[in-house]
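**Q** Okay, handing you the structure first.
Every number here is computed from the coordinates shown, using simple stated rules; none is lab data. Just so it is clear, the structure is predicted and the values come from calculations on it, not from any experiment. Don't worry about glycine lacking a Cβ; one is built from the backbone with ideal geometry, like all the others, and counts go over all protein chains shown.
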Amino acid sequence: MAKPIQLDFPARDRVAELRQRLAEAPVQHADAILDFLELIEVLHQKNVLSALRGAVAAGDDLVTHLAQAAAQPESITAIRNFLALSKLFGQLDPELIEAIRRSIPAEFSDPGLRRGVPPPSLWKIARTFWSPPVRRSLFAVGIMLAGVGYYMSRERPNPS
């Protein structure tokens with residue numbers, strides 16, 4: 001009959017292993033430790049640590065105030081609006097937004113230039129509004145306004 005193999009493991013001294021790792025840590029992680037200490041110093045100079053200490057000390061009071069503020073109907077509506085707008089902006093093509101940004105003349109962004117440019121003639125305004133790109137944009141704005149109008153004319157239950 002086969003004899004079982006005898007395995008004798010030496011007992012581990014966890015405290016000694018931790019002390020050994022702690023003694024070697026400053027050498028192995030010196031760059032990270034120095035960066036961390038610099039970060040703590042910056043947070044201290046900017047009073048971020050004081051603010052965090054105050055928030056932790058306030059603890060339950062802070063959470064209670066935040067919960068009460070979040071439970072207000074206006075807060076709930078604001079959160080819903082923010083989520084709806086984030087979905088809307090998520091669907092927009094970034095190139096469209098960039099094209100809109102590029103199409104704004106410098107005269108509109110600089111007050112000094114704005115005063116020095118004469119207003120366009122009625123003929124120039126009419127030509128601009130009859131151009132295909134502007135007609136497409138007006139159509140898109142008209143569709144959005146129609147959606148707002150349909151929403152506003154919809155029957156809603158009286159909140160009282």
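**Q** Could you tell me how many cubic angstrom of Cα convex hull volume region 92-152 has per residue?
**A** Per-residue hull volume (Cα only) is 133 Å³.
**Q** Let me ask another. Which entry in (1) 18.9, 58; (2) 16.9, 50; (3) 32.9, 110 is this structure's computed Rg and Dmax of the Cα atoms in Å?
**A** Label (3) holds the value from this structure.
**Q** Suppose the chain between F9 and A69 were pulled fully straight at 0.36 nm per residue; how much longer would it get relative to their current alpha carbon spacing? Walk me through the numbers on the way to the answer.
**A** Working: separation 60, 0.36 × 60 = 21.60 nm, distance 6.01 nm.
Contour length minus the Cα-Cα distance gives 15.6 nm.
**Q** Starting from the coordinates of the alpha-carbon atoms of region 40-103, obtain the Kirkwood hydrodynamic radius over all distinct pairs and give the value in Å to one decimal. Mind dumping the intermediate values first?
**A** Details: mean 1/r = 0.0642 Å⁻¹.
About 15.6 Å for region 40-103.
**Q** Please list, in order, the residues from region 75-101 whose amide nitrogen is less than 19 Å from a point placed 7 Å along the Cα→Cβ vector of A140.
**A** It comes to 85-101, nothing else.
**Q** If I build a Gaussian network model for the chain, linking alpha-carbon pairs within less than 10 angstrom, which residue out of L138, L62, L96 has the largest mean-square fluctuation?
**A** L138
**Q** With springs only between Cα atoms under 10 Å, which of A69, A55, A140 fluctuates most in a Gaussian network model of the chain?
**A** Maximum fluctuation in the GNM of the chain, among the listed residues, is at A140.
**Q** Between F108, F139, F89, which gets the highest mean-square fluctuation from a Gaussian network model of the chain, Cα cutoff 10 Å?
**A** Maximum among the listed residues: F139.
**Q** State the extension gain, in nm to one decimal, for the chain segment bounded by K124 and R101, taking 0.36 nm per residue of separation less the distance between their alpha-carbons. Don't skip to the end; give the middle numbers.
**A** Values: separation 23, 0.36 × 23 = 8.28 nm, distance 2.15 nm.
That pair, K124 and R101, stretches by 6.1 nm at full extension.
**Q** If one takes the longest principal axis of the Cα atoms in the chain, at what angle in degrees, from 0 to 90 and to the nearest 10, does the Cα axis of helix 132-153 lie?
**A** Long axis of 132-153 versus the principal axis of the chain: about 80 degrees.
**Q** Whole number please: convex hull volume per residue, Cα atoms of region 118-160, in Å³. Don't skip to the end; give the middle numbers.
**A** Numbers: hull volume 4.6 nm³, N = 43.
Hull volume normalised by residue count: 107 Å³.
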